[in-house]
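The structure appears right after this line, and notes come after that.
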Amino acid sequence: MMDHFDVVVIGSGSAGNTVANTCNDEGLSVAVVDHDPFGGTCALRGCTPKKVLVGASTIGEHHRSLSEKGVFASPAPVDWPGLVAFKREFTDTVTEARLEEYKQLGIRSFQGTVRFTSSSTMKVGYTSLSSTHFVIASGAMPRPLSFPGADHLVTNEDFLELDELPPRIVFVGGGYISFEFAHVAARAGADVVILHRSEQPLKQFDPVLVQHFVEASRDAGINVVVNAPVTGVDWDGDEYTVHTSGDQRRYAADLVVHGAGRVPQLDSLDLAAGNVERSPRGVAVTNHLQSVSNEAVYAAGDAVGGVSPPLQPVAIREGQIVADNILNGNRSTIDYDAVPSILFGIPQVASVGHTEESAKKQGLDVVVREHDLSSWLSSRLVGNAHAWSRVIEERANGRLLGAHIMAPQAGDMINVMTLAIKKGFHASDLQEAMFAFPTSTSDIPHIV
C-alpha cells in the first residue's frame, strides 16, 4: 500500500519545518521524513547548542579579563561537564516536542533513510510514499576527507556531546566550526591548534578583519597554523599524530576535530531515480527553488546547490519561498543581496554585504571607513582587547554597501547594518539617528 500526500518534506530542520507548517496551515496533507532525530541541525547539533557553549565561555572570558583589572578576585574556570549538561537542557527535549507538535497538527512523521523510487514516489524503510510535491531540505554533513586516517576525526556533533574535554585538540580546517569551538575549548583549558590549508582562513569574511581575529585567537592561546594542509592522522593507541605538508610538522593530540567544511546531505536520496538533477554543490534549482529537472521537487536550506549561504535565517526564508510557490504557483524568489553572517568567537565577527574587493570587482567607487574599536567603551566595559570595524560606502553619496565588525556584540550591530543596507540607507541616515547609550549599537553612527 502507498500513502499519498500533497507535500512530502525531507528534513525536519529550519527549512523543512517552515514548509511543513505553512503548507499544513493551508490545508494540504503533509508528511515529514528524517533519518536524523527530528528537530534539525540548528536546534540539535548546530546554532543553539553552539551558542550555549560560546555564551558561557564568553562570560568566563569577560570574568577573566576583568579579574586582571581587579574587579574579581580570581578568574572563573569553565566546568566542562557542567557546561555540556547545561547545553543539554536546550537540546534534549527538541525531538520529542517536534514530534508531538506534528502529531497535534496532523502532520505525519516518518523516521528513517528515504530515497526516490521514481519522479513521484519515495520509500522510507518498507513504506512507500507518493506526493504531488517533494521538498528536499535534508541539511548538510561534514565534507568527505581523503587523507589517510581521516576516519579518526570526530565531527562537530561529536564535539558537542563530549562529557570530558581532552587536554590537546587539533582542528582540521580554518572555518566557522574550527574557530568557534576552538575559542570555547581554549577558554575551558585545552591546548588548541587549528590547521588551515591556505594562507587565509575564514574566506567568507573581510580579509582585514580575519587578520585581526586570527591575532585575537592567538592571544587567547590558540595556535592558528596556515599553509598547513593535513596529509594524514595516525593513532598509536595513546595519542593521535596529525601530519601536514606545509610546515612538515607533526601535531600530537588527544582529539582531532573535522572543521573542513560541510556539504549537502544528498547521497542516500538516489536523486537520479527521482529525475532530480544535481549540481556539483547540491540540488540544481531555478530562481523559484524548484528542481530544474523535476517540477514536483523543490529544495531549501543546505540542500540548495551553490545558491545560498548555509545559514539558519536563509533556510527559514527559503522555506517560506518554497511554501508560497507550492501554494500559489511559482511567484516568489529570494534576494540574497544582504545576508548577514556571524562567527561566534570571543569576540564575535560579523559581516554583511560587499567587501572592499567585491565592491571594486563590480566597478563601484568606494570608500572604506575603518576603526580600531578596542579602546571604545563597548570593548573596555568587558575587558575586550580586540575590536575592529570596516564599513564600505559608495564614494559619491555615502550609500552603505557592506559592513564588517569584530566586537563583543558584533552580531547585534550587524543586524542594524543589514537593515540599513537592505533598505538602501546612506551613512548620513545612521549618523543622524539617535541610539540608546551606552549600548553596542550606539557605536554604529560613529563607524559609518
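Quick note: the coordinates plus some simple rules give every number you see, no bench work behind them. Not measured: the values here are computed from a predicted model. Because the Cβ atoms are built from the backbone with ideal geometry, glycine has one as well, and the counts that use them run over all protein chains shown.
Given N residues in the chain, what is its alpha carbon radius of gyration divided by 2.2 N^0.38 Å?
That works out to 1.03 for the chain.
Rounding to the nearest 10 and keeping the result within 0 to 90°, find how far the Cα-based axis of helix 47-67 lies from the longest principal axis of the chain.
For helix 47-67, the angle is close to 10 degrees.
For segment 347-447, what does the relative contact order come out to in percent, with C-alpha contacts under 8 Å and a separation of six or more?
The value is 30 percent.
What shape does segment 80-190 have by the C-alpha gyration tensor, where a ≥ b ≥ c are the square roots of the eigenvalues, rounded means a/c under 1.5, and otherwise prolate means a/b greater than b/c and oblate the rest?
Cα axes put segment 80-190 in the oblate bin.
Quick one: angle between helix 80-91 and the longest Cα principal axis of the chain, in degrees between 0 and 90, rounded to 10, please.
Taking Cα atoms only, the helix is inclined about 40 degrees.
Once amide H atoms are built 1.01 Å from N in the peptide plane, which residues 5 or more positions from VAL9, or in another chain, come under 5 Å H to H?
Here ALA31, VAL32, VAL33, VAL135 satisfy the definition.
Over 23 Å between C-alpha atoms is what I'm after, so list which of LYS51/LYS422; LYS50/LYS103; LYS50/LYS361; LYS50/LYS203 land there.
Violating the 23 Å Cα-Cα cut-off are LYS51/LYS422; LYS50/LYS103; LYS50/LYS361.
Just to compare against my own numbers: the Cα pair-distance distribution for segment 298-389, 5 Å bins, whole % per bin, please.
Bin by bin from 0 Å, the calculated values are 3, 11, 15, 15, 14, 13, 12, 9, 5, 3, 1.
So what J values fall out for segment 416-429 if you push phi through Karplus, 6.51 cos²θ - 1.76 cosθ + 1.60 with θ = phi - 60°, rounded to Hz, Gly and Pro as x?
Once rounded to whole Hz, the list reads 5, 5, 4, 4, 5, 5, 4, 8, x, 5, 9, 4, 4, 4.
So which trypsin sites (Lys or Arg not before Pro) in segment 161-259 end up in coil per DSSP with only 14 or fewer other C-beta atoms within 10 Å?
Listed in order of number, the matching sites are LYS203, ARG249.
By how many degrees, between 0 and 90 and to the nearest 10, does the Cα long axis of helix 312-328 differ from the longest principal axis of the chain?
Orientation of helix 312-328: about 30 degrees from the principal axis.
Could you give the Stokes-Einstein D for segment 30-100 in µm² per second, using the C-alpha Kirkwood radius, 4 °C, 1.567 mPa s?
For these conditions, the coefficient is 92 µm²/s.
Could you go through segment 253-267 in sequence order and give the Karplus-derived ³J(HN,Hα) for each residue, using 6.51 cos²θ - 1.76 cosθ + 1.60 with θ = phi - 60°, rounded to whole Hz, and x for Gly and Pro?
8, 9, 8, 10, 10, 6, x, 9, x, 10, 10, x, 8, 10, 4
Can you put THR91, THR355, THR231 in order, fewest other beta carbons within 10 Å first?
Ranked by crowding around the Cβ, least crowded first: THR231, THR91, THR355.
Which three lengths, in whole Å and largest first, does segment 189-307 cover when its Cα atoms are put on their principal axes?
Principal-axis extents of the Cα atoms in segment 189-307, largest first: 52, 40, 27 Å.
Looking at segment 368-444, which chymotrypsin sites (Phe, Trp or Tyr not before Pro) are DSSP coil and have at most 16 other C-beta atoms within 10 Å of their C-beta?
Those that pass, being in a loop and sparsely packed, are PHE435.
Compute the Cα gyration tensor for segment 347-447, then decide on rounded, prolate or oblate, letting a ≥ b ≥ c be the square roots of its eigenvalues: rounded whenever a/c is under 1.5, prolate when a/b is larger than b/c in the other cases, and oblate in all that remain.
Prolate, since a/c reaches 1.5 and a/b exceeds b/c.
Starting at the first residue of segment 140-148, write each ³J(HN,Hα) from the Karplus equation 6.51 cos²θ - 1.76 cosθ + 1.60 with θ = phi - 60°, in whole Hz, x for Gly and Pro.
Taking θ as phi minus 60°, the curve returns 10, 9, x, 4, x, 10, 10, 6, x Hz for segment 140-148.
Name the shape class, rounded, prolate or oblate, that the alpha-carbon gyration tensor gives for segment 108-163, where a ≥ b ≥ c are the square roots of its eigenvalues, rounded holds for a/c under 1.5, and otherwise prolate holds if a/b is larger than b/c and oblate otherwise.
Because a/c hits 1.5 or more and a/b exceeds b/c, segment 108-163 counts as prolate.
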